[in-house]
Amino acid sequence: MNKQIVELNEDVSNSPLYSEDLAPVPSSKRTWSKWHLAAIWVGMAVCIPTYLLASYMIKTGLNWYEALIIIGLANLIITIPMVLNGHAGVKYGVPFPVIGRSSFGIKGIHIPSVIRGLVACGWFGVNTWLGGMAIYSIFIAISGTDAAIGLSIGQFVCFGIFWLINMYFIWKGTESIKWLETYSAPILIIMGLILIGWGYNSVGGFGTVLEQGKQLEIPVAEIYQAENEKNFIQINPIKDKDGVAKASEYQLILNGNELGWNALSKEDVSIGKISENDTYQIQLRNAKSTSSIANVTPRTGKSSFGDKIWKYLIWLTAMLGFWATMSLSIADITRYSSSQKAQVQGQFIGLPGTMMLYSFVGIFVTCAAIISFDDILIANDAPWDPIALLAKFDSVWVVVLAQIFMIIATLSTNIAANVIAPANAFSNLWPKKISFTRGGFITGIIGILIFPWLLLNEIQGLLIDVSAVLGPVLAILVCDYYLINKKQIQIAELYKENGMYSFGKSGVNKAAIIALLVGAFIAIGGKWIPAMSSLYAISWFSGFIISFVLYYLLMKKK
């Protein structure tokens, strides 16, 4: 018998809190090795948001290696609580909503688990729509028809097809999910290497690509005042690998009025006096294409050391938030792990490395694209989104093959990251009536009801904010498991209505709820209260630390 695994030796099957899906996974069914766990992380991490991560930082002036270091460091940091929280899943074989009963109470756990589940439902809907659009793109490429403007029946049909594919894996259960992730992982890694190979061959070397990539860090145009008090605009067009600007003309736009096209030269443009409310924009063109309109920004001085460190910390917080929700419910996955060693190694192999690899793919391929394609004239038009990049290829089969890869990536991310957690959360609401499969189907239905095709842009901001308040939940889980209970959970008590985790038969641990509410307020309050804005900027850290300390103090007073 594996001493790392605690088996349930008491019959609690008649309890309304018990079901086969929420019961501890016996050691005989722990079939996931470190490579299965690594594969599931590869499957989850390879997605369009990962590909885009570095772009957000580079657009604010960070260089590519600073962005990559922050992504790598953030994912190393988040893997630590991921592993710590995953320990209980391996030891007791129960999912997050069940192990959370020990800290929040048998009823109190519904608050964080359902919030976590609803966040996942939102992402499920968004990703299912994106997967459906990949199928739609294949149909358009093969049929040779024009894509519809706005929403169309064809898009909804493709959305429905991809939704049904997701439902198939839910219906088949967790072993089918393991199969999907195991076989998806090598395909997705190969896809990343192919993309890097394309960038290398199209430009002629890693050094050239990354050196020219510095152009993405610079604003399109900057306005400044010279020593003689005259005002100038410095234009920064995208250059090819030989250092030649691809645009030949520029047009300034003052307060919405176009000022006419002029030949682009290396000299800065003199613009005379500027009124307080004047706003300049700029547009570039060559013989074949015209850029989008970009704002002319004031030239800023060099950031101080302190300002730069604060900027790094803000971005580090944002990157930590990327997997904040998964760190809560990681026991949903580690409960199938064969050992603690397997879950630790699997997570460290699969998460930080894949996130860095695919973020680098996004950086490298975009840097190669701005050099390779003649119609990219300014940094604002860089095709960071892989869908935008694919649109630049003429070959039908390149588009089809790339979209197939995108379907695999979206499916593997959706099933592992956005189905398992809500399925268990909904099952925990009514264990005797809602199975894991039914919980998964509920997830799928909610994913449709949020109308992702209408709320695609708006819902992402909301989901990210909600995710930020879940950092305190992780703090409470980790504090309770390691400092309060010393990793010792009475497993049978987790399934008893009037057991030790009913907390005086109320079913709610008031200390956990108080710590959650205070930590969540600290994490998100700065969005509306200016005095707390600095805490909001580092919401994951602030919410986690406050809830951790407060929960510990409240529990020690009991």
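Coupling constants for the stretch 481-488 follow from the phi torsions by the Karplus curve (6.51 cos²θ - 1.76 cosθ + 1.60, θ = phi - 60°), and in residue order they are 5, 8, 9, 8, 9, 6, 6, 10 Hz; glycine and proline get x. Karplus-based coupling profile of the stretch 280-294, in residue order and whole Hz: 9, 10, 9, 9, 10, 7, 10, 5, 10, 8, 10, 6, 6, 8, 10, with θ = phi - 60° in 6.51 cos²θ - 1.76 cosθ + 1.60 and x standing for Gly or Pro. If you take all other residues with their beta carbon under 13 Å from the beta carbon of Leu62, and give Lys and Arg +1 and Asp and Glu -1, the sum is +1. When both the stretch 322-371 and the stretch 36-81 are represented by their alpha-carbon centers, they are found 8 Å apart. What share of the DSSP beta bridges in the chain is antiparallel, in percent to the nearest 5? Counting only bridges with both partners in the chain, antiparallel ones make up about 90 percent. Apolar share of the accessible surface for the stretch 108-189: 76 percent from carbon plus sulfur atoms, 1.4 Å probe.
Accessible surface ranking for Ile153, Ile238, 1.4 angstrom probe, highest first: Ile153, Ile238. Whole-Hz Karplus values for the stretch 127-137 come out as 5, 5, 5, 5, x, x, 5, 5, 5, 4, 5 Hz, taken residue by residue from phi with 6.51 cos²θ - 1.76 cosθ + 1.60 and θ = phi - 60°; glycine and proline positions read x. Leu454 sits with roughly 110 Å² accessible to a 1.4 Å probe, with DNA, RNA and ligands left out of the calculation.
Angle of helix 420-429 to the longest C-alpha principal axis of the chain, folded into 0 to 90 degrees and rounded to 10: 40°. Under 13 Å of direct C-alpha separation, and excluding same-chain neighbours fewer than eight residues apart, Lys107 reaches these aspartates and glutamates: Glu497. Restriction of the trypsin sites (Lys or Arg not before Pro) in the stretch 347-451 to DSSP coil positions whose beta-carbon has at most 10 other beta-carbons within 10 angstrom yields Lys433.
Centroid-to-centroid, using Cα positions, the stretch 106-129 and the stretch 208-231 are 44 Å apart. In the assembled protein chains, Met532 presents an accessible area of approximately 30 Å² (probe radius 1.4 Å).
What shape does the chain have by the C-alpha gyration tensor, where a ≥ b ≥ c are the square roots of the eigenvalues, rounded means a/c under 1.5, and otherwise prolate means a/b greater than b/c and oblate the rest? Note, shape of the chain comes out prolate.
Within the stretch 1-88, the trypsin sites (Lys or Arg not before Pro) that combine a DSSP coil assignment with at most 14 other C-beta atoms in a 10 angstrom radius are Lys3.
Could you pull out the trypsin sites (Lys or Arg not before Pro) across the stretch 472-516 that fall in loop regions by DSSP (anything but H, G, I, E, B) with no more than 15 other Cβ atoms inside 10 Å? Taking the stretch 472-516 and a limit of 15 other Cβ atoms within 10 Å, the loop trypsin sites (Lys or Arg not before Pro) found are Lys486, Lys487, Lys505.
Gain on full extension, evaluated as 0.36 nm per residue between Glu249 and Ser13 minus their Cα-Cα distance, stands at 77.4 nm. Solvent exposure of Thr174, expressed as accessible area, is near 30 Å², computed with a probe of 1.4 Å over the protein chains only.
In the context of the full set of protein chains, the chain has a per residue accessible area of 44 Å² (1.4 Å probe). The residues Asp385, Asp307, Asp242, Asp465, sorted by heavy-atom accessible surface at 1.4 Å with ligands and nucleic acids left out, run Asp242, Asp307, Asp385, Asp465 from largest to smallest.
What the Cβ-Cβ distance of Leu554 and Ile69 gives, at R0 = 56 Å and to the nearest 0.05, is a FRET efficiency of 0.90. Cross-link reach is defined here as a Cα-Cα straight distance under 23 Å, omitting same-chain residues fewer than 8 places apart; for Lys288 the lysines meeting it are Lys239, Lys241, Lys246, Lys266, Lys392. With a Förster radius of 35 Å applied to the C-beta separation of Leu454 and Lys59, the computed FRET efficiency comes to 0.85. What you get for the chain, charging only the Cβ of Lys and Arg (+1) and of Asp and Glu (-1), is a dipole of about 2240 debye around the Cα centre. Given a 1.4 Å probe and every protein chain left where it sits, what share in percent of the accessible area of the stretch 241-314 is carbon and sulfur? The computed percentage sits at 49.
Cross-link partners of Lys91 among lysines, defined as those whose alpha carbon lies under 18 angstrom from its own and excluding same-chain residues fewer than eight positions apart: Lys3, Lys29, Lys34, Lys341, Lys486, Lys487. If the segment from Trp310 to Trp35 were pulled out straight at 0.36 nm per residue, it would be longer than the present Cα-Cα gap by 95.3 nm. Each helix, a run of at least 4 DSSP H residues, gives -39500 (n - 2.57); summed and divided by the residues of the chain, these come to -19000 deg cm²/dmol at 222 nm.
The values are calculated or read from the model by the stated rules, or taken from the named source; none is laboratory data. Keep in mind it's a predicted model, so treat the numbers as computed, not measured. FYI the Cβ positions are ideal-geometry reconstructions off the backbone, even for glycines, and counts take in every protein chain you see. We work out accessible area using only protein heavy atoms, side chains counted, and drop any ligands, DNA or RNA first. Shrake-Rupley method; radii C 1.70, N 1.55, O 1.52, S 1.80 Å.
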